[in-house]
Amino acid sequence: MSKSKQSPAQKNAKKSSILDAAANVFAQYGFKRTTMNDIATAAGISRPALYLMFENKEHLFTELAGHRIKIALKEARAALLKNQPITTRFIDGIKTFERTYTEPVASSPHGDELIDVNANLASDIMIEGRSSLVAALVKELKTADQSGEVNFQNNPLSHKAFVELLLSSISGVKKSSASKAEYRKKTRQVIEVFLKTIRK
């Protein structure tokens, strides 16, 4: 009896499981030391089966970056849609994105290496992901402005410029923070300071 074909949903679930396993291996060993055999073992599949899905380690890493961005954006958008004040939604949305996409890499002993590899292999994915996050934040900010929750009347920045400057400031905090706890605390403070300039 022939083996039944997997549905698209089953294939996506399997691919996601493999990428999650790969993320753990990269975090543990770094990019250079990680082999496709390490990832196959962690994912519970054979190496040939892994190569049927990914051409090489670089291809897999790029797919992983896209996978994590997709999850981070989905969770950030969900946080932004909650029935809460704009300050809370902004803090939760940005922190959710960072916690899902950035922190697992930054907290790895090989974080610097992984960040460099990510910038080299997945720069287009990072740019697209950031643009999508900016768009989601701008949309919520415009809605809050229209409802009177915030006021941009005396602000020299557009909604988009405001969000981009805020995210750039958070990136600076990321580089200067000595720990995850310090980074989260400073991120919240930066967002609160920015939103104070437009809150009624």
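Do you know which of the residues in segment 93-109 that are surrounded by fewer than 19 Cβ atoms within 10 Å (Cβ to Cβ) and not small (Gly, Ala, Ser) is farthest from residue 150 (Cα to Cα)?
109
Tell me, which residue of segment 70-121 that is of a type in the set (Lys, Arg) and touching a Lys or Arg at 6+ places or on another chain (Cβ under 9 Å) is nearest to residue 198 (Cα to Cα)?
Per the stated criteria, the residue is 89.
List pairs: first in segment 108-130 and polar (S, T, N, Q), second at pLDDT 90 or above and surrounded by 11 or more Cβ atoms within 10 Å (Cβ to Cβ), Cβ under 8 Å, 6+ apart or cross-chain?
Within 8 Å, the pairs are 108/26; 108/27; 108/28; 108/30; 108/114; 118/61; 118/65; 118/126.
Being in contact with a Phe, Trp or Tyr (Cβ under 9 Å, 6 or more places away or on another chain) and either surrounded by fewer than 13 Cβ atoms within 10 Å (Cβ to Cβ) or under 26 Å from residue 127 (Cβ atoms) (or both) is true for just one of 195, 157, 167. Which residue is that?
195
Test of understanding: among 137, 50, 133, which residue is of a type in the set (A, V, I, L, M), under 13 Å from the mean Cα position of the chain (by Cα), at pLDDT 95 or above and part of a helix (DSSP H, G or I)? Give the derivation first.
Details: 137 fails: under 13 Å from the mean Cα position of the chain (by Cα); 50 fails: under 13 Å from the mean Cα position of the chain (by Cα).
None of the other options fit; the residue is 133.
Quick one: residue 124 ticks every box in (1) surrounded by 17 or more Cβ atoms within 10 Å (Cβ to Cβ); (2) closer than 25 Å to residue 169 by Cα; (3) of a type outside the set (S, T, N, Q) except a single one, so which number is it?
In the conditions (1) surrounded by 17 or more Cβ atoms within 10 Å (Cβ to Cβ); (2) closer than 25 Å to residue 169 by Cα; (3) of a type outside the set (S, T, N, Q), residue 124 misses (1) alone.
Return the residues of segment 99-127 that are within 18 Å of residue 163 (Cβ to Cβ) and in contact with a Gly (Cβ under 9 Å, 6 or more places away or on another chain); say none if nothing qualifies.
Initially, segment 99-127 is screened for residues within 18 Å of residue 163 (Cβ to Cβ), giving 101-102, 126-127.
101, the sole residue that qualifies.
The values are calculated or read from the model by the stated rules, or taken from the named source; none is laboratory data. Bear in mind the structure is a predicted one, so any value in this text is a computation, not a measurement. Here Cβ is always computed from backbone atoms with ideal geometry, including for glycine, and neighbour counts include all displayed protein chains.
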